[in-house]
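Structure first, commentary second.
The values are calculated or read from the model by the stated rules, or taken from the named source; none is laboratory data. Note that the structure is a prediction, hence the values are computed from the model and not measured. Here the Cβ positions follow ideal geometry from the backbone for every residue, glycine too, while neighbour counts run over all protein chains shown. Heads up: the accessible areas ignore ligands, DNA and RNA and are worked out on the full protein's heavy atoms, side chains in. Shrake-Rupley method; radii C 1.70, N 1.55, O 1.52, S 1.80 Å.
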Amino acid sequence: MNRREFVSGLTAATALAGVASTAAAAEGRRVALVIGNGAYRNVPALTNPPNDASDIAAALKRLGFTVFLATNAGFDDMRRGLIALGRDAAGADMAAVYFAGHGMEINGENWLIPVDADLKRDTDAANEAINLQSVMLQVSNTTSLGLVILDACRNNPFAARMNRSIATRAAPTSGLGRIEPVGNVLVAYAARDGTTALDGDARNSPFAAALLRNIEVSGVEVTFMFRNVRDDVMEATRNEQQPFVYGSLSRKAIYLAGRPAAGSEPAAPPSPLPAVVSPAPPQTLTIDPALVGTWEIMVPSGRGQSRWIWQIMGDGTYRFHAEPQRSARPHEGTMTATNGRWSLHATRGLSGYSDGGAYEIHDALAVITGKLGTGAWKRSAE
């Protein structure tokens, strides 16, 4: 970064921090920090990150975000920009960070790498790179959504040249490591944990190109938008690269580019089923035919992952169980599912339990929102 870029970036960061105190109470505010690092000084340069960052910044501005853009940012530039963003994000509706460049996992921690990093030893990361945990913290105090988008899983030359400080330490691994965001924070990787992403030979990386195609499409809930990005990237890379999103939001639908047009939103939830139902389900129960079948989802827990299986019958009944069973109690009962809304009432196993929310179906994938948040259920062969 030359002197003019640095002074310009520092001025913008200072201005971003200065408006925080006066604008924090405003509803609907959206703020973003966009970084594209390509001109690395100690390893070969990357071609696309500055282009990716510039194009994503323009898209976010069109979506109503106040954007600070930094290209080829050093450690101090990135640190100042994140501090300023964190101050302005407090109380905002949405805050986003987009980073394109080198990123890596070292000893279980994920790091975003500035252009002036040298990283001769693994212990240098704390002083020369930006910890992903601190990035998530800066976007966590919003009222609606904190979003971190990382096109930072490229094959990393730092890993090959880095010395480990202790023989027993874990060596740097490919790509970024798995994370578990909390609260209203989503983190999108260009390539899932432990894998690498392509920089591409066009103006944009495959991930950035897919994001640019989808991020401004109105009426698409944010989690569905990232699923569309995933499909586009996998198609463009012939399944070599699979984007992945980490985090779990509440049942509230969140739109980056505006809600669906009037009249196209799901109907209001049906009235709750009565506390006591007869063994034979009433004929008034309705089930969307596309939802009939067996669905499964993998759920992380302190003891590893468990498999939840939800069988939905066309007669308005359902059965649920988990493997291993200790992860969730089995139950069954009656349900309705129509016009994008569903509700159920358990009659066995969890008698008296009820749940409900919204659903969307995309071929063999059903994205279902309920009391536990939003989950992507896959159609099972069972």
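Quick notes
- Single unsatisfied condition, Arg213 versus (1) in contact with a helix residue (DSSP H, G or I) (Cβ under 9 Å, 6 or more places away or on another chain); (2) modelled with pLDDT of 90 or more; (3) of a type in the set (D, E, K, R); (4) crowded, with 17+ Cβ neighbours inside 10 Å: (4)
- Selected residue [touching a Lys or Arg at 6+ places or on another chain (Cβ under 7 Å) and modelled with pLDDT under 85] from Ala381, Ala364, Ala328: Ala364
- Within the range 141-158, the presence of at least one residue that is modelled with pLDDT of 90 or more, out of contact with any His (no Cβ under 9 Å at 6 or more places or on another chain) and among the small types (Gly, Ala, Ser) is confirmed.
- Test set (1) of a type in the set (A, V, I, L, M, F, W, C); (2) more than 30 Å from Tyr255 (Cα to Cα); (3) touching a residue at least 60 places away in the same chain (Cβ under 8 Å) - Ala45 fails condition number: (3)
- Residue within the range 118-133 that is modelled with pLDDT under 90, open to solvent by 60 Å² or more (accessible area, probe 1.4 Å), more than 28 Å from Ala210 (Cβ to Cβ) and part of a loop (DSSP other than H, G, I, E, B) present: yes
- Residue in the range 45-60 that is within 21 Å of Leu150 (Cα to Cα), at pLDDT below 95 and open to solvent by 50 Å² or more (accessible area, probe 1.4 Å) present: yes
- For the range 338-367, filtered to residues that are under 18 Å from Gly293 (Cα atoms) and among the β-branched types (Val, Ile, Thr), the residue that is farthest from the chain's Cα centre (by Cα) is Thr338.
- Pairing each residue of the range 107-126 that is under 17 Å from Leu150 (Cβ atoms) and polar (S, T, N, Q) with any residue that is open to solvent by less than 40 Å² (accessible area, probe 1.4 Å) and part of a loop (DSSP other than H, G, I, E, B), provided the two are 6+ apart or on different chains, yields C-beta distances under 6 Å for Asn110/Leu176; Asn110/Gly177.
- Within the set Thr369, Thr317, the sole residue that is of a type in the set (Val, Ile, Thr), farther than 29 Å from Glu180 by Cα and surrounded by 18 or more Cβ atoms within 10 Å (Cβ to Cβ) turns out to be Thr317.
- Candidate set from the range 372-382 (those that are open to solvent by 100 Å² or more (accessible area, probe 1.4 Å) and either among the small types (Gly, Ala, Ser) or not in a strand (DSSP E or B) (or both)); member that is nearest to Ile309 (Cα to Cα): Glu382
- Checking each residue in the range 78-104 for being open to solvent by 30 Å² or more (accessible area, probe 1.4 Å) and in a helix (DSSP H, G or I) picks out Arg79, Arg80, Ile83, Arg87.
- Of note, Ser205 satisfies the criterion of being within 30 Å of Leu63 (Cα to Cα), at pLDDT below 95, among the polar types (S, T, N, Q) and buried (at least 22 other Cβ atoms within 10 Å of the Cβ).
- Residues in the range 208-244 that are outside any helix (DSSP H, G or I), under 23 Å from Ala58 (Cβ atoms) and hydrophobic (A, V, I, L, M, F, W, C): 3 in all.
- Cβ pairs under 7 Å, 6+ apart, first in the range 222-239 and in contact (Cβ under 8 Å) with a residue 24 or more places away in the chain, second among the charged types (D, E, K, R) and outside any helix (DSSP H, G or I): Phe224/Glu360
- The set of residues in the range 290-314 being part of a strand (DSSP E or B), open to solvent by 40 Å² or more (accessible area, probe 1.4 Å) and aliphatic (A, V, I, L, M) consists of Met298 alone.
- All of (1) touching a residue at least 60 places away in the same chain (Cβ under 8 Å); (2) over 21 Å from Ala381 (Cβ atoms); (3) in contact with a Gly (Cβ under 8 Å, 6 or more places away or on another chain) hold for Ile297 with one exception: (2).
- Residues of the range 134-149 classified as open to solvent by 20 Å² or more (accessible area, probe 1.4 Å) and within 15 Å of the chain's Cα centre (by Cα), total: 2
- Residues of the range 326-364 satisfying the condition of being open to solvent by 40 Å² or more (accessible area, probe 1.4 Å) and part of a strand (DSSP E or B): Glu332, Thr338, Arg341, Thr347, Arg348, Ser354, Glu360, Ile361, His362
- Hits in the range 245-287 (condition: closer than 18 Å to Ala366 by Cα and at pLDDT 85 or above): Val245, Tyr246, Gly247, Ala253, Ile254, Ile287
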